[in-house]
Structure formats: structure tokens, C-alpha cells
Amino acid sequence: MDAAALAQFLRRRRGELTPRDVGVSEGPRRRTPGLRREEVAQLAAMSVDYYTRLEQQRGPQPSEQMLASLTRALRLSRDERDYLYRMAGHGIPDDVSTAAHVAPALLRVLDRLDDSPALVISAVGETLVQNRMADALFGDRSALTGWERSDVYRWFRHPETERMLYPAHDRDRQSRALVANLRAAYGAMGARSRAGELVRELQRVSGEFSDLWDRHEVAKRFEDHKVLVHPEVGPIELDCQVLFTEDQGQALLVLTASGTEAEEKLRLLSVLGTQAFSVASTPSGAPATPLE
């Protein structure tokens, strides 16, 4: 670990970011440019004391989990992330971690969205980051690990809970759409990729998935208009807009209210927060992402 280089890099990146870059209010008494240490700590979900010690070359070697949090908080590019890991005495993240690195351009857009549910997903349906309104609509996925992070996996592995977010008449269409999306990712990434691993795992655990996979339907399909059923406020009519990265590896999904009634329900959700999901502490209890 090169503590001096790590500290200098963190200070430099913090000074180059503005509150607007990360969706933080500037406040009336900001005297210096850049983010405050407490703002970076809050974005990275770590204590201010811990982050301060890193900047002052007094901290212990940060874990890979801490570095991943700092990568997102400081909106690092992939090259900057790799440098951060090396200076902290770790190797470059593996392919799985690399795939989960959120594109800074998508993060910048997400930071500016506050009144609509929005989330960034990977090519295999993993929720990489989501805003507070998405937390309220779908539940917080931060505790999910492994394949449970993929909505495609959860949809076929835990159908009894995962499909409740969709009206019964729309679930078959959603199943086909999820498989068609995964088929597109499989074609782009190859059989030995993470998409290929997910396909083989789903073929092992779900006969329904295997039957749909054998149809060879291929499409990056996202329904423009959908109805989602929230456990507290009931059905909500939403429009879905999607923004892809240039390599199509990640997508930002933004859900906006379709009509006055939906707007009122989203406002109610904003107040309710994640209360409705406080009981669902297991991965199988988390609602599915509206991937299609």
C-alpha cells in the first residue's frame, strides 16, 4: 500500500468534484471548491473519521469493499479505479467486479433524478445502483450478493415472491422478455462470459427458463409503459425510459408517472420510503426489477 499516493489521489479527486456532480446540495456556507470529507464519507457509506485518516495517511489498508464504495462516491473512471486499487495494495478487480463498475456518465444522470425511481443495471440484470425512489418502489438491494443480484435469476429462482410486482396477466410476457434480454447479452458476451455462467445456472435450476431459452428469442426489450403492483399503494402506471452506455453493457432505467393518479402514488411512496420492505430481509423477499 502506497499511503502517500493514495491520500494525494483521494484529496485530488475530492477537490475536482462539485456537489452538483454527485447530487448534493451546495448549501449557503461553502467556502472551498470540491466536496467536503463528510460528503465523500456519506456517499461511500463510511465514517468521516475513517475517510479522514485515509486522506491523512493514517488509515489502515482499505478493503476491496471500501475501495468499491470510494470508486462510486468519487465517480472514478475504470482506469482511475484500477489506480486506486493498486495504490491501496490490492490487485485490479476481477471480471465480475469490472462488470459491476458503474459508468460515471450514468451516475451523473442518476444523481440528478430525485422524484422518479431510477436504477442502473448490468447486461445480466444486476442492479448496480439505485436512487431513494427506486428503494421505495423495489426495496433496497444492497444486501444481495452472488446471482441473487440478478433480477433474471430471482425471477426464475423465486417466482413465488419475485413475480408479485407484476399483474398476473403480464407475467408470461415478462418471463419471455427477460430471457430474450439475456439471450442478447449472451450473444454479445459469449458462452464463457458472466452471461454464459448465468444461463448454465438457470438451466440447472429452472425447467421454465430452459424451455424459454430453447425458443432462441433475442431482443433488448424494455416495455415503454407498464403497471407495477406495490405492496402498500397498489398498481402504479409508469412509463419507462432507458439510456444505454456506448458498449450496451449497462442501462439506466428511469420510471416516470403515467397520469395524475400515478404521480400521487409516487409522492406517497416518497414519504413511505422503504418501510413496506422492512420485513423482507432475505434475498428471495426482494421485489423484481422491471427489466423489461
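Coordinate-derived values only; no laboratory data. Remember, it's a predicted structure, so these values are computed and weren't measured experimentally. All Cβ positions, even for glycine, are placed from backbone atoms using ideal geometry, and neighbour counts span all protein chains on display.
Sequence-distant contacts, meaning Cα pairs under 8 Å at least 6 residues apart, place the relative contact order of the range 113-247 at 20 percent.
What does the charge add up to near residue 60, with Lys and Arg as +1, Asp and Glu as -1, over the other residues with Cβ less than 15 Å from its Cβ?
Details: positive: 53, 58; negative: 2, 49, 55, 64.
That works out to -2.
Taking a ≥ b ≥ c as the square roots of the eigenvalues of the Cα gyration tensor, an a/c ratio of 1.5 or more together with a/b larger than b/c marks the range 104-285 as prolate.
Under a Cβ-only charge scheme (Lys and Arg +1, Asp and Glu -1), can you give me the dipole magnitude of the range 3-92 about the Cα centre, in debye to the nearest 20? Don't skip to the answer; put the middle values down first.
Working: 17 positive and 11 negative charges, 56 e Å.
Dipole magnitude for the range 3-92 comes out near 280 debye.
Sum up the charges of everything whose Cβ sits under 15 Å from the Cβ of residue 84, counting Lys and Arg as +1 and Asp and Glu as -1, but leave residue 84 out. Numbers along the way, then the final one.
Numbers: positive: 11, 12, 13, 14, 72, 75, 78, 81, 86; negative: 2, 16, 55, 64, 79, 80, 82.
Residues close to residue 84 contribute a combined charge of +2.
Here the Gaussian network model covers the chain, with springs between Cα atoms less than 10 Å apart; of 58, 108, 31, 31 fluctuates the most. Of the trypsin sites (Lys or Arg not before Pro) found in the range 169-245, the ones in coil according to DSSP and having at most 10 other Cβ atoms within 10 Å of their Cβ are 192. Could you tell me the relative contact order of the chain? Use alpha-carbon pairs under 8 Å, at least six residues apart, and round to a whole percent. Over the chain, the number comes to 18 percent.
Evaluating 6.51 cos²θ - 1.76 cosθ + 1.60 at θ = phi - 60° for every residue in the range 154-168, the Karplus couplings come out as 5, 4, 8, 7, 10, x, 5, 10, 5, 8, 5, 6, 10, x, 4 Hz, glycine and proline recorded as x. Any idea how far the Cα center of the range 69-85 sits from the one of the range 113-132, in Å? Here the two parts' Cα centres lie 19 Å apart.
In the range 3-92, Cα pairs under 8 Å separated by at least six residues give a relative contact order of 33 percent.
Magnitude of the charge dipole for the chain, about its Cα centre and with charges confined to Cβ atoms of Lys, Arg (+1) and Asp, Glu (-1), is about 1000 debye.
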